[in-house]
Amino acid sequence: MMQYLMIFAILFPAVAALGIYCKKISNNLSVLHKYVFGAALINSIALWILVFGAPVKGLSLIRFTDNLQMLLSCDGLSRVFIMIISVLWPLTTLYAFDYMKHEGGEPRFFFFFLISYGVSSGIALAGNLVTLYMFFELLTLATLPLVMHKMDDKARYAGKRYLLYSMVGASFGFIAIVFMQLYGQGGAFALGGFLEGGLSARAIRNLRIAFTLAFFGFGVKAALFPMSFWLPAASVAPTPVTALLHAAAVVKAGAFACIRLTYYSFGTEILQGSFAQYIPMSAAIFTIAFGSLMALRSNHLKRRLAWSTVSNLSYILFAVLIMTDLGLKAACMHMLAHAFIKITLFFGVGAILVSAGKEYLDEIEGLAGTMPVTFACFTVASVALMGIPPMPGFFSKWAIGTAAASGGSVLEIVGIGALMLSAFLTAIYLMTIVCRACFPAGGKLVRGERIETRNMVLVQVILCVLIVAMGVMNGPLQTCLENWLF
């Protein structure tokens, strides 16, 4: 039964999306909202059953050749990604009901929104590189209409850029599939990789080249430099889309794919101490610092958070490239922590845009007077992302630094320095927003009737509670991750 539940979690959102265009649903916003939220919640329940059930062995859906097949499975790493999307998708759905009144085109929006949920579930449940690659590409197609929802010049430009970058990344990622079919045993994901033993020096060199290219390819969606610039451009999308792009679906799918590639396909044994480790690690370290500096420079609130995402995604990639068990655990910790923290921050600036019509830093002076809950939640999430204990951002960054220090190479020490610089810059570019809104020049807050909407406030409060809980319950959370991963 559990095997077929994986198929359900992938197909149900797509089937439910088709129902949106029933006239009784699409012509009545109240009915539409209940229908979409119900579909998202049902799919999350199915995914939660998979998370808390026993690991599900591979289910072969389509066999193309003897060693090339479409395979589903649910292992420990799958559970980490599932916990992100299954919790955040229903909450984002609830948030979107208020937000999309501002944007319009709700039936079309929620149609692709549900399809993207199914495709993201497919990425989490992919049992080999071929299946992961197929859903990875489907995610680009499913989210492209969401990025271009407004269909103005900026949205079309952002969509073209997103598609172009994704196509380039896909071509590099495909290289890994070719080499894994040539040198891999079985092809199903396995911790430690599935390469054949006794490989020649030439084969190892070729595999290292293939890994490096594929890491940068899958790293496109994780905004690894030099392919980072599509992410800030995509901030023209509606905030529910931006939040999912930057916190759960697309960018975390890129980081997730890099983890699969490193630990579950190639394995770290042939990669450690070679250019296949050091070249992408150098790019990740540069991206950590570069993203934070660009965030500090940006006056636009959503783009500031977008560049922050660029930086924090490379925290995860840097941890991945340490290529130890500590690095794997640290990467998963930050993937979880960043997802919940960053979506809260995006929901905050989205609420500011919809309720107050403000989207630039110099426009929010004293705005906390009319949006107190929004800025209170934004402050909590900012403190968490800065890495102040006992917030989850502190524990995940500490884990990354500990993993890097245990490696002890010069490049890993440089990486620790980049983390410290980024943490300092994070405090500046986030607390500047908080101070502008809560402590304006002259000390006078904007007074008047509160302009926050119910659903937006509710979702932000729930997320803040979850963030604090993740920090307070860090010990059990780490134990859970260790049990899942190892």
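Yes or no, residue by residue, for (1) within 30 Å of LEU326 (Cα to Cα); (2) open to solvent by less than 50 Å² (accessible area, probe 1.4 Å); (3) of a type in the set (S, T, N, Q):
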| position | (1), (2), (3) |
| --- | --- |
| GLY415 | yes, yes, no |
| ILE433 | no, yes, no |
| VAL465 | yes, no, no |
| ASN474 | yes, yes, yes |
| LEU477 | yes, no, no |
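Please enumerate the residues belonging to region 297-313 that are open to solvent by 50 Å² or more (accessible area, probe 1.4 Å) and either touching a residue at least 40 places away in the same chain (Cβ under 8 Å) or in contact with a helix residue (DSSP H, G or I) (Cβ under 7 Å, 6 or more places away or on another chain) (or both). Once the filter is applied, which keeps residues that are open to solvent by 50 Å² or more (accessible area, probe 1.4 Å) and either touching a residue at least 40 places away in the same chain (Cβ under 8 Å) or in contact with a helix residue (DSSP H, G or I) (Cβ under 7 Å, 6 or more places away or on another chain) (or both), region 297-313 yields ASN299, ARG303. The criterion of at least 3 residues that are modelled with pLDDT under 85 is met by the following helices (runs of 4 or more DSSP H) wholly inside region 16-132: 23-26, 76-103.
Sort out which residues of region 156-182 are within 18 Å of TYR263 (Cβ to Cβ) and open to solvent by less than 40 Å² (accessible area, probe 1.4 Å), and write them in order of number. Talk me through it step by step, then tell me what you get.
Taking region 156-182 and keeping what is within 18 Å of TYR263 (Cβ to Cβ), we get 173, 176-177, 179-180.
Answer for region 156-182, where residues must be within 18 Å of TYR263 (Cβ to Cβ) and open to solvent by less than 40 Å² (accessible area, probe 1.4 Å): GLY173, ALA176, ILE177, MET180.
Quick check: anything in region 104-116 open to solvent by 20 Å² or more (accessible area, probe 1.4 Å), free of Cβ contacts under 8 Å to residues at least 24 places away in the same chain, over 25 Å from the mean Cα position of the chain (by Cα) and over 14 Å from MET6 (Cα atoms)? Scanning region 104-116, I find at least one residue that is open to solvent by 20 Å² or more (accessible area, probe 1.4 Å), free of Cβ contacts under 8 Å to residues at least 24 places away in the same chain, over 25 Å from the mean Cα position of the chain (by Cα) and over 14 Å from MET6 (Cα atoms), so the answer is yes. Looking at the structure I just gave you, is GLY193 on the phi > 0 side of the Ramachandran plot, outside any helix (DSSP H, G or I) and more than 24 Å from the chain's Cα centre (by Cα)? Here the answer is no, as GLY193 does not meet what is asked. Mind checking whether some residue in region 177-185 is of a type outside the set (A, V, I, L, M), part of a loop (DSSP other than H, G, I, E, B) and closer than 29 Å to LYS57 by Cα? Yes, region 177-185 contains a residue that is of a type outside the set (A, V, I, L, M), part of a loop (DSSP other than H, G, I, E, B) and closer than 29 Å to LYS57 by Cα. Within region 207-226, track down each residue that is in a loop (DSSP other than H, G, I, E, B) and crowded, with 22+ Cβ neighbours inside 10 Å. Matches in region 207-226: GLY219, VAL220, LYS221, ALA222, ALA223, LEU224.
Whenever a residue of region 285-296 is free of Cβ contacts under 8 Å to residues at least 24 places away in the same chain and more than 18 Å from GLY219 (Cα to Cα), it has no partner that is surrounded by fewer than 24 Cβ atoms within 10 Å (Cβ to Cβ) and among the β-branched types (Val, Ile, Thr) lying with C-beta atoms less than 8 angstrom away and at least six residues away or across chains.
Scanning region 52-74 for residues that are touching a helix residue (DSSP H, G or I) at 6+ places or on another chain (Cβ under 8 Å) and buried (at least 16 other Cβ atoms within 10 Å of the Cβ) turns up VAL56, LEU59, GLN69, MET70, LEU71, LEU72, SER73, CYS74. The residue pairs whose first member lies in region 197-210 and is closer than 15 Å to GLN272 by Cβ, whose second member is part of a loop (DSSP other than H, G, I, E, B) and open to solvent by less than 40 Å² (accessible area, probe 1.4 Å), and whose beta carbons are closer than 6 Å, counting only pairs six or more residues apart or on different chains, are ILE204/ILE270; ARG208/SER274.
Which members of region 314-362 meet the condition of being open to solvent by 10 Å² or more (accessible area, probe 1.4 Å) and out of contact with any Leu (no Cβ under 9 Å at 6 or more places or on another chain)? Within region 314-362, THR324, LEU326, VAL354, SER355, GLY357, ASP362 qualify.
Assessment of region 382-404 against the conditions (buried (at least 19 other Cβ atoms within 10 Å of the Cβ), at positive phi and either in contact with a Cys (Cβ under 9 Å, 6 or more places away or on another chain) or modelled with pLDDT under 95 (or both)) yields at least one matching residue. Here LEU11 meets each of (1) free of Cβ contacts under 8 Å to residues at least 40 places away in the same chain; (2) open to solvent by 50 Å² or more (accessible area, probe 1.4 Å) with one exception, condition (1). Within region 434-454, residues that are among the polar types (S, T, N, Q) sit with their Cβ atoms under 8 Å from residues that are modelled with pLDDT of 80 or more, at 6+ positions apart or across chains, in these pairs: THR453/ASP98; THR453/ALA351; THR453/VAL354; THR453/SER355.
The values are calculated or read from the model by the stated rules, or taken from the named source; none is laboratory data. Small disclaimer: the values here were computed from a predicted structure and weren't measured. Virtual Cβ from ideal backbone geometry, glycine too; neighbours counted across all protein chains shown. The area values use the complete protein model at the heavy-atom level, side chains included, leaving out ligands, DNA and RNA. Shrake-Rupley method; radii C 1.70, N 1.55, O 1.52, S 1.80 Å.
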